[in-house]
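*Asks:* Before we start, here is the structure in question, set down as structure tokens.
Throughout, read-outs are computed from the coordinates displayed, never taken from laboratory work. Just so it is clear, the structure is predicted and the values come from calculations on it, not from any experiment. Glycine gets a Cβ as well: all are built from the backbone with ideal geometry, and neighbour counts include every protein chain shown.
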């Protein structure tokens with residue numbers, strides 16, 4: 001039997017395993033469907049369960065359609081610079097291959113699209129940043145570094161896969177809606193094919209060699225992950241009659257397909273759903289440096305105990321079948337990989353959903369016993385799926401729960417009760433605040449009524465005095481003085497106003513017209529009124545420079561007569577991002593240019609100033625870029641990054657200042673001030689300065 005050899009095919013039929021019993025693939029698949037997926041809050045975290053179940057409910061698909069591809073996506077974003085270290089001699093790469101059995105019409109395309117969309121958005125941002133980092137001067141040498149990084153790809157042949165890995169630093173994530181088609185393209189079912197040998201090396205994250213024109217290039221390590229769906233018939237055939245080396249390396253799930261609505265995506269995502277794109281950005285950015293997830297001493301002892309007490313027992317029960325023994329033996333390494341992947345995913349979810357300052361978040365690189373037990377429990381679920389497909393029975397092999405389900409459920413229930421109590425307390429506080437506000441409003445109304453009555457009485461008294469004075473002045477024929485007229489409520493022109501309307505309190509806010517109830521933000525020390533805050537003003541530096549870098553370049557190249565660029569000039573030239581206002585077609589008002597000046601001034605290449613014009617003495621806003629002779633190295637790197645034309649920048653009025661080159665391309669500038677190198681120890685936690693864009697790692701933006 002050559003079923004263990006890569007490229008070999010198995011001749012074992014299902015009837016040879018079960019005597020005279022015959023099994024069709026429907027029976028095998030239904031047996032595997034009887035194994036339920038555990039609560040993701042027990043084998044992961046509460047945030048992971050919300051992330052998976054909310055997306056699955058929104059689409060109308062089983063949770064396995066989201067969870068298994070999420071594991072492969074997390075492993076791919078960890079990349080080849082990350083290692084999962086058990087001890088000094090045993091380490092595993094973050095490589096996880098997942099397969100889900102899915103019938104047609106069960107939302108499998110929509111499920112994969114939910115994970116592919118944020119990855120494609122991040123990939124487009126990386127491509128845009130790479131193009132912005134290329135030199136622009138005519139005499140500059142061509143870009144010699146690697147091209148823009150690719151995160152995902154579709155099914156491809158093994159020749160194309162080798163080419164993609166060489167061009168993409170040895171890592172890629174492959175999505176396949178039909179894994180059978182991917183296996184055909186990789187020629188895994190053909191003899192004398194290079195596909196099986198290549199995949200064996202890639203599964204272990206091994207080095208990759210390529211010879212071209214007599215020169216050999218080497219990649220020290222690789223990280224090839226793939227995930228996708230397979231027809232249940234093909235899934236059963238792969239584990240019953242397929243190649244052992246391939247089936248044993250997959251994490252497989254055969255979810256039960258309940259009857260969902262025919263309208264997919266009919267349920268919107270709830271507000272408590274963790275943002276998937278932010279989680280992926282966090283994973284990708286943090287793992288740009290070398291990282292090591294290290295097992296703690298207790299976790300290592302627990303792993304040894306599980307191997308000696310449970311894995312050895314399972315292997316002894318299946319010692320007559322090399323095929324099933326291989327599936328169990330490979331699962332031990334999969335436990336280590338899943339422990340590291342779960343740890344990274346839990347860190348990213350916790351970082352994304354935390355309410356504290358993200359700059360002080362401690363990324364945990366130590367795999368403790370709790371995380372290991374979650375990975376073991378999850379691995380047992382995948383093993384039961386495999387054995388159900390192979391044995392075509394629901395027999396138990398003595399698998400004991402590694403997670404204390406009762407304690408974990410109690411802790412989870414306590415967390416849910418805490419959230420419910422917090423929500424109840426918040427609602428009670430809001431109700432109490434409403435009652436207090438109503439009481440205060442009633443008191444204000446009573447005081448206003450009393451004050452109004454007093455003023456009416458005083459007004460009547462003043463009117464009586466006025467009548468008496470008028471009578472006396474009429475008798476004496478002496479008109480009242482202007483001071484007396486003012487005191488009596490009579491205008492000097494002789495027009496009398498009602499004293500009852502003077503000094504009355506303003507009406508309550510809720511009685512004002514609705515069109516008046518529009519919040520306005522007034523710019524500090526300025527006459528401009530801002531009806532709303534534009535989106536670009538609330539962006540972080542990385543997002544701002546990604547979306548509006550070209551507008552910054554235009555501002556820095558704008559003609560400066562020596563007094564700076566005024567906000568009016570910037571509005572006329574449409575330098576600031578456009579906004580939409582009601583009842584006007586002006587997309588570039590002056591106040592938007594003022595906010596744009598303030599945002600650009602945060603990068604240190606200029607300042608937004610409010611000054612008086614030297615000629616008409618009117619107050620206006622201007623952007624005064626930094627003098628060319630005052631540029632430091634960081635400013636030059638920023639100008640080089642934005643591809644600013646230094647001939648235009650150096651021209652101020654009639655003077656042209658000669659400066660040196662803006663400096664080396666910022667692609668070589670990496671900020672490691674807030675990242676602790678874990679190459680030597682790998683076991684300590686490191687302070688993670690959040691950065692959701694590669695741009696913040698290319699350019700130091702303080």
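*Asks:* So how far apart, in nm, are the two label points at residue 301 and residue 315 if each is 7 Å from Cα heading toward Cβ?
*Replies:* Label-label distance for residue 301 and residue 315, simple model: 2.3 nm.
*Asks:* Obtain the nm distance between the two label points defined at residue 454 and residue 581 by a simple spin-label model: each point lies 7 Å from its Cα along the Cα-to-C-beta direction.
*Replies:* Roughly 4.4 nm, to one decimal.
*Asks:* Extending each Cα 7 Å along its Cβ direction at residue 209 and residue 120, get the distance between those two points in nm, one decimal.
*Replies:* Each label point is offset 7 Å from its Cα along the Cβ direction, giving 3.9 nm.
*Asks:* What is the gain in length, in nm to one decimal, between residue 89 and residue 648 on full extension, counting 0.36 nm per residue of separation less the C-alpha to C-alpha distance? Each step should come with its number before you reach the end.
*Replies:* Values: separation 559, 0.36 × 559 = 201.24 nm, distance 5.88 nm.
Residue separation times 0.36 nm, minus the Cα-Cα distance, leaves 195.4 nm.
*Asks:* Taking 0.36 nm per residue of separation and subtracting the Cα-Cα distance, what length does fully extending residue 362 through residue 127 add?
*Replies:* Details: separation 235, 0.36 × 235 = 84.60 nm, distance 2.96 nm.
That works out to 81.6 nm of additional length.
*Asks:* In what sequence, highest mean first, do 68-81, 228-241 appear when ranked by Cβ atoms within 10 angstrom? All intermediate terms of the calculation are to be shown ahead of the outcome.
*Replies:* Working: 68-81: 25.1, 228-241: 22.1.
Answer by packing, highest mean first, reads 68-81, 228-241.
*Asks:* If R₀ is 25 angstrom, what is the calculated FRET efficiency for the pair residue 103 and residue 193, using the beta carbon separation as r and rounding to 0.05? Write down the numbers at each step before the final one.
*Replies:* Numbers: r = 30 Å, r/R0 = 1.19.
Computed FRET efficiency for residue 103 and residue 193: 0.25.
*Asks:* Under the classification rounded if a/c is under 1.5, otherwise prolate if a/b is larger than b/c and oblate if not, where does segment 535-585 fall, given a ≥ b ≥ c as square roots of the Cα gyration tensor eigenvalues?
*Replies:* Working: a/c = 2.46, a/b = 1.13, b/c = 2.17.
Judged from the Cα gyration tensor, segment 535-585 comes out oblate (a/c at least 1.5, b/c at or above a/b).
*Asks:* Estimate the FRET efficiency between residue 277 and residue 598 by the formula 1/(1 + (r/R0)^6), using the beta-carbon distance for r and 35 Å for R0, to the nearest 0.05.
*Replies:* Approximately 0.80, to the nearest 0.05.
*Asks:* Please find the FRET efficiency linking residue 157 to residue 443, where r is the Cβ-Cβ separation and R0 is fixed at 60 Å, and quote it to the nearest 0.05.
*Replies:* On the way: r = 79 Å, r/R0 = 1.32.
Step by step, r from the Cβ atoms, then E = 0.15.
*Asks:* Then there's this: Starting from the Cα-Cα distance between residue 178 and residue 561, subtract it from 0.36 nm times their residue separation and give me the gain in nm to one decimal. Numbers along the way, then the final one.
*Replies:* Values: separation 383, 0.36 × 383 = 137.88 nm, distance 6.34 nm.
So the extension gain works out to 131.5 nm.
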